[in-house]
Structures are given as C-alpha cells and as structure tokens.
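To start, the structure under review is shown below, and the notes come after it.
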Amino acid sequence: MFKSSWTYHEAPESTDHIQIKEQYELYINGAFTKPVEGKYFDTINPSNNQKIASIAEASKKDVDKAVKAAKKAFKGWAALSGKERGKYIFRIARLIQERAREFAVIESLDGGKPIRESRDIDIPLAANHFFYYAGWADKLAYAFPNRKVKPVGVAGQIIPWNFPLLMAAWKLAPALATGNTVVLKPAETTPLTALKLAEIIHDSGLPKGVVNIVTGAGATGAEIVNHPEVDKIAFTGSTGVGKYIQNAIAGTHKKVTLELGGKGANIIFEDAAIDQAVEGIINAIFFNQGHVCCAGSRLFVQESVANVVIQKLKDRMETLIVGDPLDKNTDIGAINSKKQLQTIENYIKIGLNEGGEIYQPNCNLPKKGNWCAPTLFLNVSQSHRIVQEEIFGPVLAIQTFRTIDEVIEKANNTPYGLSAGVWTQTGSKIFHLTQKLNAGVIWANTFNKFDATSPFGGYKESGFGREGGLHGLSSYVTFD
Ligand code: NAI
Ligand code: MG
C-alpha cells in the first residue's frame, strides 16, 4: 500500500472533467429532492479547509419521506426474482468501475485520503462488493440451504467518514441482494461520493424508492434510527453512537448490526521477517491517516528484536510523505476534519502527560488544512489512555513482550475486539494466536487487507454482526 522509499516525479491527479455541483439535494423516491426545511450545510476539503459544495440537510420530514418511499418500493423489489435484482446490482458495480477515476478524485478531495488509496483500494473494493453480492442475489437458496428466507424490510444505514464509498457499498450491496429497500445516510464531512453513487443508481434504472440517500449530521441519523417504519439499522461509527442506537431501539422490532471502534494489536515475534513486518506496522497504523476502525494501533514487539524493529520503523517513517491527497506520491493525507484533528492532538498531549516518549519524523506539514505527522509512543503500558482508547489517527503505541502468554493477555486487555495481526514464520504460533486472540479479524503476516468474500466485524465494544462474505447476508434476512 505504501510506496517504497524512493520517489519519482508524477503530476498530482488533475481535477479536470470531475463534475462537482455547487449544491446537492436529497435522493428520495428516485428523484433529487430539495429538503423540506430548505437547510444546507457545507462539505469541506480538509487539505485546505475550503468549501467544496452545499449539501442538503435532511430533517425529520425528509427522513419520513425517504422511509415511506422505501416502504412503498419494498413489495415490488422483494418480489423480483433474485436474478433480476442481481442484474441491477451488477449494473451499479460496472458503473462504479466506469467512473472509478471520478470517484477516486472526489473521495480524496472530500475526505483527505491519498489518491493512491482511493484509486487502488477504496473504489475497486467498493465495485467488488457490488459484484460479489450481485452474485449471491439468485443463490440465496444455497446461502441458506433448506430454509425459507425473506428480506427484513426497510434498512436504515448510517455510515462514517473514513471509507465513504466503500462503507456505502458494504451496506447497500447485501441489503439489495436479499431484497430489502434502503435509506442510507453518509457522514456529514464526506457526503460527495454517496451522492455520486445516487446518480449512478439513478442511471442504473433501479426502481424508484429502493435506495434513498439522505444527507445530514447526527440529528438526521437519529431520525432514521427512531423512525417506526424502519425494520433494521446497520451502523458503522463510534462506540458512543453505537451505544445510543442500541438504547434507542431497545424494545422495538428493529434488527441491528453495529460496527464500532477498535484498538487492534499488531504482534511481531522475533522470528518474523523483520523488513516485511516493519512495512506491515506502517500500513497497519498509517493507512488512511489511521482513520481505520481495524487499525493496528497497539504494537507489541518481542523484546529480543524490539531495538532493531523500532529503529527500522523510525527510519521508514522518515521517508513517509505527508501532504496533498491528490499527489500520487503522498503516503499520508489530510486529517478528515478539524474536530478529528483536535481529538488526535489531544491524545498526543495525554500521551506526553502520562510519560510516553514521542517520536515524529521531520516532515514539513502544509500550512493550510488539517495535518498530523506520523507519531510513535514508546515507554507506555497497559494502563495508559493512549493504549486503551481509540485515537483514530496516525498515532502508534508501542510495547514489548517476552512470552506468548504475556502478549495474548496484553492484546486481549482492551474493551474492543475488532482486529489483530501476527507476524511470525511459525505456522503453529499463528494458529495458536488466532484461537486465543479476542478479535473478529486476525491477519497473519499482513494487515488491513480487505476482501468482499471475507466477513468483518467485532467482539465486545467493537460491536456485533458481520459484514462481507456469506455472513453479511444473514443480517438482511429473516427466516420463516
Ligand atoms: P460518529 O459515530 O458520530 O459518526 C458516524 C456516523 O454516525 C455519521 O454518519 C454521523 O452523522 C452519524 N451519527 C452521529 N450521531 C448519531 C446519532 N445520534 N444517531 C444516528 N447517527 C448518528 O463518529 P465521529 O464523531 O465522526 O467520530 C468520533 C470517533 O468515532 C472517532 O474519533 C473514532 O474513534 C470513532 N469512529 C469510528 C469509526 C469506525 O469505522 N468504527 C468511524 C468513524 C468514527
Ligand atoms: Mg468533506
């Protein structure tokens, strides 16, 4: 994911032929619709904090219109054969591929992630997700043998700002394949690719009301959660909002899946291929500015190799390029919002106050915009807040260990349970740790690899339910 340390000259990705409107409306019942109360908010480019476009803010009435449209469309959509539903989903996947460059540039402009990541990871994976679930649409009888499955109904889907188009794909594709209709809300700092997706969905000829996309902040999300005619909530975001949602729907008929925060352990054994492991550490924590729920934000290095690993890690960090998200050489882009930058800076202060030893490479951060240098903390222990709490930025807390049992105990000592990574040449050690680590996703000799066929989700305060793979279908169906 990260380029090797040599650099070559390439012009920044141009924004020619990228169509961004001045103002975006809500997508309700197959039409781009003005918000009832006429309110709009700005979406900002976090690399310079300039406004990109005005975005409609959906109120309770707009959400109600969207839910009613989804409910009305449900019968017809659910009654279509899986094969017919699949055709629409395949069409959406192909349209994303056709407009991949446009999606990649807009994703980087609106959210701050390096163009190399949007171009090579986010957008292709989003298309893959639609292709994958399109393939399941007419094979549900094989997915759930000997059981009669029905769609749940209207799914309310609320997504975060760290992988905007990809999270929209994770939510929409399985819901549509199983015959549900949807009201989806993108995050307020990154609405543009979801709105571009609305245009594609419109072009695909999907029956009106099957997918409705409403924009707004937390209040709009809460209207979706609390709407009595929504049958299922799928949420990805902070653990705090996840708890709010679980409370809000308690005692209702609504189904729910929550994909929340994490504090992933990345474990390096002395017999690991050290250079690959160092690349893996970089990718685990600095990919997408560390705005990754499954980031490897806690590093555990076996004591005998700690000095060499940390030195190599520091050397490698010196070569990372922080800057313009549209520059193809950029490794670390802009922090998604001023608010998130404040959160990260606050954690860096907390780390220092708790006695952590900080390391940041020399990098020239741009003057305008939201930026954070890649950061390591040494000299920390389990009780430190920067070891326990999700920072959601390019900040790594490093600890050492001697024995397998010690590292298993430390790795599991967290309120979260989303991801972990193990680096070793010994297969038996990998199997031992994958049994013992309390995490939904465990990578061996790699990190932050995603695939539509693979289930993803957490334990403990990282949430529940799985997205991706065959498992991802089950939360969108009920059984007779
Ligand atoms: P957030 O959880 O507030 O935002 C995620 C989505 O939830 C957005 O679409 C937002 O509009 C919506 N939302 C907010 N309040 C809501 C409510 N009461 N009801 C329904 N929807 C609501 O996350 P935020 O404040 O942007 O980030 C704070 C922290 O959350 C981050 O520092 C990070 O630690 C964590 N986070 C984790 C994510 C993950 O992928 N697991 C994604 C985003 C944030
Ligand atoms: Mg933005």
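A short reminder: the numbers here are calculations on the coordinates, not readings from a lab. Given the structure is predicted, the values throughout are model-derived calculations rather than measurements. Cβ coordinates were reconstructed from backbone atoms using ideal geometry, including for glycine residues, and neighbour counts include every protein chain displayed.
Semi-axes of the chain's equivalent ellipsoid from the Cα gyration tensor, sqrt of 5 times each eigenvalue, largest first, rounded to whole Å?
Values for the chain, descending: 37, 26, 20 Å.
For PHE377, what charge total do you get from the other residues with a beta carbon under 15 Å from its beta carbon, if Lys and Arg give +1 and Asp and Glu give -1?
After counting each charged neighbour, the total is 0.
Could you compute the net charge surrounding TYR347? Neighbours are other residues with a C-beta less than 14 Å from the C-beta of TYR347; K and R count +1, D and E count -1.
+1
What's the angle, to the nearest 10 degrees (0 to 90), between helix 274-286's Cα axis and the longest principal axis of the chain?
Helix 274-286 and the main axis of the chain meet at about 50 degrees.
Longer than 19 Å from Cα to Cα, which of LYS39/LYS254; LYS51/LYS349; LYS328/LYS449; LYS75/LYS208; LYS65/LYS232 are they? Say none if no pair is.
LYS39/LYS254; LYS51/LYS349; LYS328/LYS449
If you take every DSSP beta bridge fully contained in the chain, what fraction is antiparallel? Give it as a percent rounded to 5.
Here the share of antiparallel DSSP bridges comes out near 30 percent.
Using alpha carbons only, how many degrees (0 to 90, rounded to 10) separate the axis of helix 164-177 from the longest principal axis of the chain?
The helix 164-177 is inclined about 50 degrees to the chain.
Take every DSSP beta bridge with both residues inside the stretch 279-425 and express the antiparallel ones as a percent of the total, to the nearest 5. Spell out each step's value before the answer.
Working: 3 of 12 bridges.
The answer is about 25 percent antiparallel.
For ILE358 and ARG94 in the same chain, what is the full-extension length gain: residue separation times 0.36 nm, less their Cα-Cα distance, in nm?
Working: separation 264, 0.36 × 264 = 95.04 nm, distance 4.60 nm.
Length gained between ILE358 and ARG94: 90.4 nm.
For helix 427-436, what angle does its Cα long axis make with the longest principal axis of the chain, in degrees from 0 to 90 and rounded to 10?
The two axes meet at around 60 degrees.
Pulled fully out, how much extra length does the chain show between LYS208 and SER81, if you take 0.36 nm times their separation in residues and subtract their Cα-Cα distance? List each step's numbers first, then the result.
Values: separation 127, 0.36 × 127 = 45.72 nm, distance 1.71 nm.
Gain in length upon complete extension: 44.0 nm.
With the radius of gyration and the Kirkwood radius both derived from the Cα set of the stretch 1-142, what is their ratio Rg to Rh?
1.05
At 222 nm, what helix-only mean residue ellipticity would the chain give, in deg cm²/dmol to the nearest 500, using -39500 (n - 2.57) for each DSSP H run of four or more?
-12000 deg cm²/dmol
Work from the charge dipole of the chain (Cβ charges, +1 for Lys and Arg, -1 for Asp and Glu, about the Cα centre) and give the residue of GLY333, ILE321, SER54 farthest towards its positive end.
Going by the charge dipole, the pick is SER54.
Whole-Hz Karplus ³J(HN,Hα) for the stretch 449-462, in order, using 6.51 cos²θ - 1.76 cosθ + 1.60 and θ = phi - 60°, x for Gly and Pro?
With coefficients 6.51, -1.76 and 1.60, one gets 9, 10, 8, 4, 7, 9, x, 9, x, x, 10, 6, 6, 7 Hz.
Need the list of aspartates and glutamates near LYS312 for cross-linking: C-alpha distance under 18 angstrom, and skip anything on the same chain fewer than eight residues off.
Within reach: GLU270, ASP271, ASP275, GLU279, GLU303, ASP331, GLU357.
At a threshold of 8 angstrom on Cα-Cα distance, excluding pairs fewer than six apart, so keeping six or more, what relative contact order does the stretch 292-450 reach in percent?
This gives 25 percent for the stretch 292-450.
Defining a contact as two alpha carbons under 8 Å apart and six or more residues distant in sequence, what relative contact order in percent does the stretch 387-480 show?
So the answer I get is 23 percent.
Give me ILE268, ILE321 ranked fewest to most by other Cβ atoms within 10 Å of their Cβ, as a rough exposure proxy.
Numbers: ILE268 27, ILE321 18.
So the ranking, lowest neighbour count to highest, is ILE321, ILE268.
Please give the FRET efficiency for ALA444 paired with PHE32, using the beta carbon to beta carbon distance and R0 = 41 Å, rounded to the nearest 0.05.
Plugging the Cβ-Cβ distance into 1/(1 + (r/R0)^6) gives 0.35.
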